[in-house]
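All remarks here apply to the structure that follows.
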Amino acid sequence: MSGPGRIRVLVCEDQELVRAGYVTIFGAQPDLEVVGEAADGRAAVEAAHRLRPDVVVMDIRMPVLDGIAATRLLAGPGVAEPVKVLVVTTFNLDEYVYEALRAGASGFLLKDAPPRQLVDGIRTIAAGESLLAPAVTRQLVGRFADRIRTPRPAAQQAVSALAPRELEVLRLVAEGLSNPEIAARMVISRETVKTYVSRILTKLDLRDRVQAVVFAHRVGLVAPARE
């Protein structure tokens, strides 16, 4: 049943059993509503345009049109009314992560994540925040930091423009923490975290949270992950 204030979710997954599992898990949440399902990327795009969900849960490996291409059509550059996409896949491969985020995905989680993490991921993205699992963040930075350029001004000069609390938030963002997790760690409100993140992006001339993660690693605010 539909209800006021509920997060409308579209589930896009080609494996019927996995898809049914998602529908069951998400449908059991009082604040989530599964408004549709799709078994291939083309159907996912058509369903998203028709149903206008708040969040699309998208698998990468799907027939007809893969999840990355579908995400690009729903949330990529130039899309007039982008849809929020949470990519969930068994394939923890760097290239998939990078391409999904380039395609406009708001977040990336692995299918072996606990159900609660998947549910919280939907809530995080619906709230307008981005989400990267810590392990995924480390891989993204490790392999693709050189593809996302830092701002033209000298990096250390840009960092010096940040207030101490902004610097602390940037470090936590770079570690892969979501806004709610940062709020809990710093004992501040989620709205305050969002304000800090917005200021950080503006001061460092960064497009989004992913660039902030890469910037922090490249200027040495976070120790590089070891393989």
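Computed quantities for the displayed model
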{"item": "Inter-probe distance in nm under a simple model that places probes 7 Å from Cα toward Cβ, at LYS111 and VAL79", "result": "2.2"}
{"item": "Volume of the Cα convex hull of the stretch 150-218, divided per residue and given in Å³", "result": "70"}
{"item": "Stretchable slack from GLU191 to SER160, in nm (0.36 nm times residue separation minus alpha-carbon distance)", "result": "8.8 nm"}
{"item": "Kirkwood-based shape ratio for the stretch 42-121, expressed as Rg/Rh from alpha carbons", "result": "0.94"}
{"item": "Length added when fully stretched, THR24-ARG61, from 0.36 nm per residue minus Cα-Cα", "result": "11.2 nm"}
{"item": "Mean-position separation - Cα centroids, the stretch 41-77 and the stretch 155-213, in angstrom", "result": "29"}
{"item": "Extension gain, ARG171 back to THR202 (0.36 nm per residue minus Cα-Cα distance, nm)", "result": "9.5 nm"}
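Bear in mind these aren't lab numbers, they're just calculated from the coordinates by the rules spelled out. Small disclaimer: the values here were computed from a predicted structure and weren't measured. Because the Cβ atoms are built from the backbone with ideal geometry, glycine has one as well, and the counts that use them run over all protein chains shown.
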